[in-house]
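Undergrad: Here it is, the structure, as structure tokens.
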Amino acid sequence: MVEQALEFLENHDGVRGNNEEDNTNTGDSTIGRVPEQDDEEEFDVFRNVGQGLVGHYREIMVQYWQELINEIESTNEPDSQHTDDFKSHSLPLARIKKVMKTDEDVRMISAEAPILFAKACEIFITELTMRAWCVSEENKRRTLQKADIAEALQKSDMFDFLIDIVPRHLQ
């Protein structure tokens with residue numbers, strides 16, 4: 001998953017916006033399009049995606065999520081190239097299951113639950129990395145720092161649940 005995010009970011013050449021991918025053959029004109037506020041249904045879907053981001057960075061995040069949604073929807077198709085995505089994991093399933101069992105109310109865990117949690121964690125890590133990358137690009141740096149992650153978390157209220165874990169100002 002992290003490799004996919006790096007490849008995605010490399011294809012979107014930083015601030016310059018030189019997108020090397022050609023979406024003309026996909027037939028989907030919504031990829032990479034920033035939803036307008038008058039487009040109610042699509043705006044609701046992408047309401048939090050661009051929060052705290054402006055311009056090119058917002059477009060990159062919206063495109064990432066649109067491509068992720070398309071990938072997830074295509075996993076049910078028999079000839080899809082993404083059907084094996086759930087068979088290989090970046091995070092250890094045994095550790096995820098162990099964390100799930102720390103809750104006293106959890107008695108049994110289905111085989112699918114750790115797999116879904118692993119995928120959700122990968123998506124969360126990828127989005128947070130992309131947001132921190134946007135901050136480092138704004139500061140004209142190529143190395144992610146703790147301060148970039150903290151600033152990325154502050155820019156969107158959907159990460160407020162991390163307020164006690166990540167200090168507000170890391171300089």
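Undergrad: Grab the beta carbon distance between Lys101 and Lys140, set R0 = 41 Å, and tell me the FRET efficiency rounded to 0.05.
TA: 0.35
Undergrad: Ok, one more. Under a straight-distance cross-link criterion of Cα-Cα below 26 Å, which lysines are reachable from Lys140, leaving out those fewer than 8 residues away in the same chain?
TA: Straight-distance partners of Lys140: Lys155.
Laboratory data are not the source of any read-out in this text; all were calculated from the coordinates shown. Keep in mind it's a predicted model, so treat the numbers as computed, not measured. As a convention, Cβ positions derive from the backbone with ideal geometry for all residues, glycine included, and neighbour counts pool all protein chains shown.
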